[in-house]
1. Please verify whether the range 149-157 includes one or more residues that are in a helix (DSSP H, G or I) and open to solvent by 10 Å² or more (accessible area, probe 1.4 Å).
2. Exactly one condition in (1) under 30 Å from Ala29 (Cβ atoms); (2) charged (D, E, K, R); (3) open to solvent by 10 Å² or more (accessible area, probe 1.4 Å) is not met by Glu144; state its number.
3. Out of the residues in the range 103-125 that are more than 13 Å from Ile66 (Cα to Cα) and hydroxyl-bearing (Ser, Thr, Tyr), state the one that is nearest to the chain's Cα centre (by Cα).
4. Looking only at the range 164-193, filter to residues that are among the acidic types (Asp, Glu) and open to solvent by 20 Å² or more (accessible area, probe 1.4 Å); which one of those is nearest to Ala226 (Cα to Cα)?
5. Go through the range 286-325 and give me each residue that's in a helix (DSSP H, G or I) and surrounded by 22 or more Cβ atoms within 10 Å (Cβ to Cβ).
6. Pick from Glu77, Glu59, Glu49: which is in contact with a Lys or Arg (Cβ under 7 Å, 6 or more places away or on another chain) and at pLDDT 95 or above?
Amino acid sequence: MTPARFIAAACLVFCATFVVDAIQTRPDAAMAAAAKALVAAIGDGPAREKLMFAFDDAERFNWHFIPRARKGLPLKEMTEPQRKAATALLKTGLSASGFSRAEAVRSLEDVLFAQSKSPTRDREMYFFTIFGTPGAERWGWRYEGHHLAQNWTIVSGKAVATTPAFFGANPAEVMDGPQKGARALKGEADLGWALLGVLTDEQRKMAVVSETAPSDILTMNSRKAAIQENSGVSFTGLNQKQQAMLMALVEEHANAQVPALAAARMVKVRANTASIRFAWMGATTLAPGAAHYYRIQGASFLIEYDNTQNRANHQHIVWRDFNGDFGDDLIAAHYAATAHQK
């Protein structure tokens, strides 16, 4: 074993132990340790050049969830030790549930390849990208491929931004083949329908804002999410049971992140529940081909869920922070504090 490989292996062992302990209380520290371990495992050369970008590079904002050419280092080009290091990094951002969803989404590329035989359907073409130096005052990383776009930004060595965060599934339910019956994003769908189902007629009149669902999430892959129309049934317009169901739905989305980051999301949500509205578009009866969309919007955040494509068997889901995507609010606060100190 060469000295470089020995150092990388030793780093992986040490970092793995540290990361497991840190994820629960200091996901920022766990991310930095895991990212450093991945960089060490990659070593110098072309692979490192694909993995690493400057924090201020415009590529940090170049996110999307469609099949396309991407920058970064794909799983396909990693050795087994490198894949283990990349997976360890991913698990510092995604919870066990979130990681399971991500892997289920990735496995659907096998279903799409069986249908189309297109080389663009490849479960190995999911990319890791690191922006800046792990552990620096400002750095970030991304995990992205078809129907997965997860972004994390770390500022001042502790604060973590978790958006934009996108999951998608095509098919939403596998209709045949080895994975028949599989539903990668089951909870986000079922809890939404359940909430709609307990609304009174009067509440439904407020919640259902259109008989036609949009063909996709409205914010798409925008750099900054636009605040949507302030329509739908309000949180304060729900009874206690319905409010609990709405919070359970929000938590289902939030809990894709590791517990500490999910909890931070929910603190922001609960800080202004009076601003939250639940809006529905499209079909209101669950049936094959029933195209539908819902959104949950509060003062600081937006969750969009769309299932309209491929005869309503194709989900797109995103969580956006109006001021916090890509850590914008954290970076602004960091600069303000630095200027004040000077």
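The values are calculated or read from the model by the stated rules, or taken from the named source; none is laboratory data. Values in this document were obtained by computation on a predicted structure and should not be read as measured data. Note that we place each Cβ from the backbone using ideal geometry, even for glycine, and neighbour counts take in every protein chain shown. Please note that ligands, DNA and RNA were not included when accessible areas were found on the heavy atoms of the full protein model with its side chains. Shrake-Rupley method; radii C 1.70, N 1.55, O 1.52, S 1.80 Å.
1. Restricting attention to the range 149-157, the residues satisfying the condition of being in a helix (DSSP H, G or I) are none.
Within the range 149-157, not a single residue is in a helix (DSSP H, G or I) and open to solvent by 10 Å² or more (accessible area, probe 1.4 Å).
2. (3)
3. Out of the qualifying residues, it is Ser107.
4. Of everything passing the filter in the range 164-193, Asp190 is nearest to Ala226 (Cα to Cα).
5. Listed by number, the list holds a single entry, Asp325.
6. Working: Glu77 fails: in contact with a Lys or Arg (Cβ under 7 Å, 6 or more places away or on another chain); Glu49 fails: in contact with a Lys or Arg (Cβ under 7 Å, 6 or more places away or on another chain).
Going through Glu77, Glu59, Glu49 in turn, the sole match is Glu59.
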